[in-house]
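Visitor: Quick one: this structure, given as structure tokens, is what I'll be asking you about.
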Amino acid sequence: MYDIIIIGAGVTGSAIARELSKRKRKILVLEKESDICEGTSKANSGIAHSGYDAAPGSLKAKLNIRGSRMMEQLSKELDFPYKRNGSLVLCFDEADRGKLEDLLERGRKNGVEGLRIVEREELKSLEPGVSDRAVAALYAPTGGIVCPFGLTYALAENAAVNGVEFQLNTKVETIEKTQEGYRIRTSRGEFVTRFVINAAGVYAADLHNQVCEKKLRITPRKGEYCLMDKQVGGLVTHTLFQLPTALGKGILVTPTVHGNLLTGPTALDVEDPEDVSTTAAGLSEVLTKAAMSVGNLPNKPITSFSGLRAHEAGGDFVIGQAPDAPGFIDAAGIESPGLTCAPAIGEYVAQLLQELDPAPEKEGFIATRKGIPSMALATPEEKDALIREDPAYAHVICRCELVTEGEILNAIRRPLGATTLDGIKRRTRAGMGRCQAGFCSPKTVAILARELGVDESEITKSGDGSQFITGKDKENV
Amino acid sequence: MSDRKLDLVIIGGGPAGLAAAAAASEAGVKDLLVIERDRKLGGILNQCIHNGFGLHTFKEELTGPEYADRYIKKTQALGVPFLTDTMVVDLSWDQETGAKFVTAMNKESGLFVIEAKAVILAMGCRERARGALNIPGYRPAGIYSAGTAQYYVNIEGRMPGKEVVILGSGDIGLIMARRMTLEGAKVKVVAELMPYSGGLKRNIVQCLNDFDIPLKLSHTLVDIKGKKRVEGVTIAQVDENRKPIPGTEEYYSCDTLLLSCGLIPENELSLMLGVEMSPVTGGALVNESLETSIPGVYACGNVLHVHDLVDYVSGEADTAGRNAAAFLQGAQTQNDTNVKKETEIKIRTVDGVRYSVPATVRPEHMSDMLTVRFRVGNEYRDKVLAVYFEDEPLMKLPKRIMAPGEMEQIILQKKKLEELAEKALAAGVSAPQITIRVEEKA
């Protein structure tokens, strides 16, 4: 019997797990995919929002402010890439100035620090890359960018180090109320627990609605993105949002923490919670709208992708104990600014648990975590030191992003280590560069097979069914 | 600031680097080093196990590894030193002294810096990836560049798929259509966006026609289906603006998509160094000596511009190697003040000719005959390839067919150019130009 089972190892589930691991409890995280960070958490804008967007008084607003304030400190404790680069909401039409004022007012009510409207001249000096069409902008100096994978892995690894169990490849099928809590049937057996935390992203309503009469309605809202080469990553330094225009909700143009340029997302409600396909229309919309924000949008894509936001019909996060299901706690409808909010959601849920079921603090909680060193970012002295420690740090596997065997081995051998090519990619950036794993994928597959003690034909991109190799030469001749 | 000092560092131990090393060594450069990132010399030739290499160089048909082996043996016999499994991570130079600094690392020596008087860039090229093509659809396993599939099949003996669709008709894609078929896969179709193939005619005949694999010109991929592994792709015909024509979509079930949509010179190091680049080739702008905008830095092979035939790579690299040797032995470079700047002739490429290598010629420095290579931007039938010095026609070559997939070449004669340059200068033309263009038949 577990004290708590968390369903979903995305950024929300991982943040909650990490926060709960500070107290003496037996905790399990169930994840249907082969790795953590496989759903919404892996495909989003990677923005640490300042918090002007959400309606004052909403959970989104409250947790956004808190999350934004936590992020910098947390990035130091848990060693993930975060940068406070400031954001700008661009206004392209004098007639829309009122909307900009409204946003400023909303932000101030929410408690966002340093918000102000900047006029064209100042805007140009703040952000020389901005398009001439922008007449003014809302400047949010506390806006930031964060590596969504880095944040999720950091939280999950730290939770694991502090005793939280993670069971991957385990899909929850049914949940039923029992005398003492809940029985969860999964693709890999049955689990019983006193508390359930529902952090299942686009599937959260399906779980919630099994035990609660007050139904949730979650729609997967697809967002398509286009990621550009690092060669053009310096085009802008701030995150550029757009005020909604006649063309609809705007899209963003932002540098990423790793120095690429990211544009997107679109917003389209879809039925299939696994529909992460991109479309010609979506990608064209992204590029057309992005071109409004910057003078010269370079045509240097290295990849495109789409992610699904878990949009709940009520419009706000649904976090708390379900009214008619004691011990069943939702962390549902976590759409934007969910990534920013995650650490605050962790705190909020932990607080709630402490009220419902007090537990003593754990002695020896490990508050910090060290990420995978990056040879690409290391100084010559740091590079030397790493190579002395392990010569594998001198063996380059991914030439585009300069990722070495040492980093890949580190990614495999660490807590909740990578077992798939995508897992390696998101932990180390091997394969994230301009050749998109053309050269390094066979080498990475070979390292994974060696480390995991399996044949190369068993290595997958992202879990069973996504194997790279289908057989041997001439097998079918 | 350096751990070692050398005369010449050659970055890349593929066909270009090997031939450059051999030539430099034969020309007397003994204090040199070839740095190769892979564990073996030979570069991409090691996975090109088909034959057809060396017809020009050796007058016989070799496989890729055999061709590489000839040059490996040659450089070994010359005593050229190599470092394999070694990655160059930074390249810089001192504008005052002209010294180049090559930062590299490997397991044995860790991170180290070599100071070199001259550098030859021979890093090769890479394939254009799916992301750069912005192909919509899912992102499952089973999408490979043709070269990655070639690595699996030819180096590892593993099949990356059973039922294959190939997008793009570049040479590696054509070669892989045949290889995958021979190894037991079913290649259903090759789709090419352009109205002509990007590959060599002989490869279309020998790799597609001989195996009844259809080539669909003016077609592109509009969707990729499959969440975990590719399940199928949709191909559509494109109009003259290369936009898919609605209603022409055809679905092919397959578990594998190979991409052969162009090669890109791999010039990250050249950019770090600050070499002036050609926006057309993605490679450095070079003069007749294959010297880049930085004195003593040469480029050759696919890092300079993508070649069809390795024989041409070897020839070009030989030139780079000899010129690097001449540089080291004190010959003048373009930055020497006693070379008259006005003798630099720019090669202008217009009317269907996309670029040329070299981009400039200094008659004093060229050999008696200088081969200028270039590609046309479209398929041309029954046209004339015309070369002018200023307004004076130098040659008019009737061409039955020219295509972007086949590299063209002309040969310039030193004596003639010297005469013309002198005449032009006397007539007050300060920057004479050679023009290469496609013309109608008279």
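Visitor: Residue check, residue A:368 against (1) in contact (Cβ under 8 Å) with a residue 60 or more places away in the chain; (2) hydroxyl-bearing (Ser, Thr, Tyr); (3) not in a loop (DSSP other than H, G, I, E, B), all met but one. Which one?
Guide: Here residue A:368 meets the rest and fails (3).
Visitor: For residue A:414, are the conditions met, namely being among the basic types (Lys, Arg), touching a helix residue (DSSP H, G or I) at 6+ places or on another chain (Cβ under 7 Å) and surrounded by fewer than 21 Cβ atoms within 10 Å (Cβ to Cβ)? Let's see the steps before the verdict.
Guide: Values: among the basic types (Lys, Arg): yes; touching a helix residue (DSSP H, G or I) at 6+ places or on another chain (Cβ under 7 Å): yes; surrounded by fewer than 21 Cβ atoms within 10 Å (Cβ to Cβ): yes.
When the stated conditions are applied, residue A:414 passes them.
Visitor: Can you tell me how many residues within the range A:121-132 are touching a residue at least 12 places away in the same chain (Cβ under 8 Å) and surrounded by fewer than 14 Cβ atoms within 10 Å (Cβ to Cβ)?
Guide: The number of residues fulfilling the criteria is 1.
Visitor: Can you give me the number of residues within the range A:346-372 that are in contact with a Gly (Cβ under 8 Å, 6 or more places away or on another chain) and within 20 Å of residue A:76 (Cβ to Cβ)? Let's see the steps before the verdict.
Guide: Taking the range A:346-372 first, the residues in contact with a Gly (Cβ under 8 Å, 6 or more places away or on another chain) are A:352, A:356, A:362, A:371.
Those left that are additionally within 20 Å of residue A:76 (Cβ to Cβ): A:371.
The qualifying residues number 1.
Visitor: Still on this structure, I have one more. Would you point out which residue out of A:465, A:438, A:433 is more than 9 Å from chain B (Cβ to nearest Cβ) and assigned to a loop (DSSP other than H, G, I, E, B)? Quick ask: steps written out before the conclusion?
Guide: Numbers: A:465 fails: more than 9 Å from chain B (Cβ to nearest Cβ); A:438 fails: more than 9 Å from chain B (Cβ to nearest Cβ).
Of A:465, A:438, A:433, the one residue that is more than 9 Å from chain B (Cβ to nearest Cβ) and assigned to a loop (DSSP other than H, G, I, E, B) is A:433.
Visitor: One residue is enough: does the range B:410-417 have a residue meeting the conditions free of Cβ contacts under 8 Å to residues at least 40 places away in the same chain, in a strand (DSSP E or B) and closer than 17 Å to residue B:289 by Cα? Working first, answer last.
Guide: Taking the range B:410-417 first, the residues free of Cβ contacts under 8 Å to residues at least 40 places away in the same chain are B:410, B:416.
Those still in the list that are in a strand (DSSP E or B) too: B:410.
If we keep only those that are closer than 17 Å to residue B:289 by Cα as well, we get B:410.
Yes, some residue in the range B:410-417 is free of Cβ contacts under 8 Å to residues at least 40 places away in the same chain, in a strand (DSSP E or B) and closer than 17 Å to residue B:289 by Cα.
Visitor: Conditions: (1) touching a Lys or Arg at 6+ places or on another chain (Cβ under 9 Å); (2) under 25 Å from residue B:125 (Cα atoms); (3) in contact (Cβ under 8 Å) with a residue 12 or more places away in the chain. Residue A:438 meets all but one. Number of the miss?
Guide: Unmet condition: (3).
Visitor: Could you say whether any residue in the range A:175-196 is within 20 Å of the chain's Cα centre (by Cα) and under 22 Å from residue A:333 (Cα atoms)? Walk me through it before giving the result.
Guide: As a first pass, look at the range A:175-196 and keep what is within 20 Å of the chain's Cα centre (by Cα): none.
No - not one qualifying residue is present in the range A:175-196.
Visitor: Given (1) at the interface with another protein chain (Cβ under 10 Å from one of its Cβ atoms); (2) without any contact (Cβ under 8 Å) to a residue 40 or more places away in the chain; (3) aliphatic (A, V, I, L, M), where does residue A:449 come up short, assuming only one miss?
Guide: With respect to (1) at the interface with another protein chain (Cβ under 10 Å from one of its Cβ atoms); (2) without any contact (Cβ under 8 Å) to a residue 40 or more places away in the chain; (3) aliphatic (A, V, I, L, M), residue A:449 is out only on (1).
Visitor: Just for helices (runs of 4 or more DSSP H) wholly inside the range B:126-224: which have at least 2 residues that are of a type in the set (A, V, I, L, M) and modelled with pLDDT of 95 or more?
Guide: B:146-150, B:171-182
Visitor: Okay, moving on. If I filter the range A:415-430 down to residues being away from every other protein chain (no Cβ under 14 Å) and without any contact (Cβ under 8 Å) to a residue 60 or more places away in the chain, which single residue comes out as nearest to residue A:155 (Cα to Cα)?
Guide: Checking each candidate, the answer is A:417.
Visitor: Would you check which residues across the range A:382-400 are more than 7 Å from chain B (Cβ to nearest Cβ) and of a type in the set (Val, Ile, Thr) and list them?
Guide: Within the range A:382-400, A:397 is the sole residue that qualifies.
Visitor: Exactly one of (1) under 24 Å from residue B:175 (Cα atoms); (2) surrounded by fewer than 22 Cβ atoms within 10 Å (Cβ to Cβ) is unmet by residue B:265. Its number?
Guide: Looking at each condition in turn, residue B:265 falls short on (2).
Visitor: If we keep just the residues of the range A:91-107 that are touching a residue at least 40 places away in the same chain (Cβ under 8 Å) and in a helix (DSSP H, G or I), which is surrounded by the fewest Cβ atoms within 10 Å (Cβ to Cβ)? Explain how you work it out, then say what you get.
Guide: Keep residues of the range A:91-107 that are touching a residue at least 40 places away in the same chain (Cβ under 8 Å), which gives A:91-94, A:96, A:99-100, A:103-104, A:106-107.
From what's left, in a helix (DSSP H, G or I): A:94, A:96, A:99-100, A:103-104, A:106-107.
Values: A:94: 9, A:96: 17, A:99: 16, A:100: 18, A:103: 20, A:104: 19, A:106: 19, A:107: 26.
So the residue we want is A:94.
Visitor: Name the residue, out of A:34, A:14, A:87, A:41, that is in contact with a His (Cβ under 7 Å, 6 or more places away or on another chain) and not β-branched (Val, Ile, Thr). Spell out how you get there, then give the answer.
Guide: Numbers: A:34 fails: in contact with a His (Cβ under 7 Å, 6 or more places away or on another chain); A:14 fails: in contact with a His (Cβ under 7 Å, 6 or more places away or on another chain); A:41 fails: in contact with a His (Cβ under 7 Å, 6 or more places away or on another chain).
It is A:87.
Visitor: I need a count of the residues in the range B:399-428 that are over 25 Å from residue B:307 (Cβ atoms) and surrounded by 14 or more Cβ atoms within 10 Å (Cβ to Cβ). Walk me through how you get there before you give the answer.
Guide: Initially, the range B:399-428 is screened for residues over 25 Å from residue B:307 (Cβ atoms), giving B:415-416, B:418-428.
Retained after the next criterion (residues that are surrounded by 14 or more Cβ atoms within 10 Å (Cβ to Cβ)): B:418, B:420-421, B:423-425.
So the answer is 6.
Visitor: If you go through the range B:69-117, how many residues are of a type outside the set (Lys, Arg) and away from every other protein chain (no Cβ under 11 Å)? Don't jump to the end; show me each part of the working.
Guide: Let us first name the residues in the range B:69-117 that are of a type outside the set (Lys, Arg), namely B:69, B:71-72, B:75-99, B:101-106, B:108-116.
Among the residues that remain, those that are also away from every other protein chain (no Cβ under 11 Å) are: B:69, B:71-72, B:75-84, B:91-99, B:101-102, B:114-116.
Total meeting the criteria: 27.
Visitor: If only one of A:396, A:477, A:445 is hydrophobic (A, V, I, L, M, F, W, C), modelled with pLDDT of 95 or more and out of contact with any Asp or Glu (no Cβ under 6 Å at 6 or more places or on another chain), which one is it?
Guide: Just a single option satisfies the conditions, and that option is A:396.
Visitor: Taking the range B:246-264 only, how many residues are within 27 Å of the chain's Cα centre (by Cα), farther than 16 Å from residue A:302 by Cβ and more than 12 Å from chain A (Cβ to nearest Cβ)?
Guide: Qualifying residue count for the region: 1.
Visitor: Spot the failing condition for residue B:351; the list is (1) touching a His at 6+ places or on another chain (Cβ under 7 Å); (2) on the phi > 0 side of the Ramachandran plot, and only one is missed.
Guide: Residue B:351 satisfies every listed condition except (1).
Visitor: Among the listed residues B:179, B:130, B:158, identify the single one that is of a type in the set (Lys, Arg), at the interface with another protein chain (Cβ under 10 Å from one of its Cβ atoms) and under 23 Å from residue A:281 (Cα atoms).
Guide: Numbers: B:179 fails: under 23 Å from residue A:281 (Cα atoms); B:158 fails: under 23 Å from residue A:281 (Cα atoms).
So the residue among B:179, B:130, B:158 that is of a type in the set (Lys, Arg), at the interface with another protein chain (Cβ under 10 Å from one of its Cβ atoms) and under 23 Å from residue A:281 (Cα atoms) is B:130.
Visitor: Tell me, which residue of the range B:45-98 that is more than 24 Å from residue B:296 (Cα to Cα) and among the hydroxyl-bearing types (Ser, Thr, Tyr) is surrounded by the most Cβ atoms within 10 Å (Cβ to Cβ)?
Guide: So, considering only residues that are more than 24 Å from residue B:296 (Cα to Cα) and among the hydroxyl-bearing types (Ser, Thr, Tyr), the one surrounded by the most Cβ atoms within 10 Å (Cβ to Cβ) is B:67.
Visitor: Starting from the range A:277-294, keep only residues that are farther than 17 Å from residue B:244 by Cβ and at pLDDT below 95, then list their pairs with residues that are among the basic types (Lys, Arg) and in a loop (DSSP other than H, G, I, E, B) whose Cβ atoms are within a distance under 7 Å, requiring at least 6 positions of separation or different chains.
Guide: Cβ pairs passing all conditions: A:292/A:133.
Visitor: When you look at residue B:231, is it of a type outside the set (Val, Ile, Thr), more than 30 Å from residue A:464 (Cβ to Cβ) and modelled with pLDDT of 95 or more, yes or no? Don't jump to the end; show me each part of the working.
Guide: Working: of a type outside the set (Val, Ile, Thr): yes; more than 30 Å from residue A:464 (Cβ to Cβ): no; modelled with pLDDT of 95 or more: yes.
Answer is no for this residue.
Visitor: Looking only at strands (runs of 3 or more DSSP E) that lie completely in the range A:147-197, which have at least 2 residues being of a type in the set (S, T, N, Q)? Show your work before the answer.
Guide: Values: elements: A:165-167, A:172-177, A:182-186.
No strands (runs of 3 or more DSSP E) qualify here.
Visitor: Checking the conditions here, which among A:33, A:38 is crowded, with 24+ Cβ neighbours inside 10 Å and charged (D, E, K, R)? Walk me through how you get there before you give the answer.
Guide: Values: A:33 fails: crowded, with 24+ Cβ neighbours inside 10 Å.
The conditions single out A:38.
Visitor: Restricting to the range A:268-295, and then to whatever is farther than 29 Å from residue A:437 by Cβ and outside any strand (DSSP E or B), can you tell me which residue is nearest to the other protein chains (Cβ to nearest Cβ)?
Guide: A:271
The values are calculated or read from the model by the stated rules, or taken from the named source; none is laboratory data. In this text, all values refer to a predicted model and were calculated from it rather than measured experimentally. Note: ideal-geometry Cβ built from the backbone for every residue, glycine included; neighbour counts use all protein chains shown.
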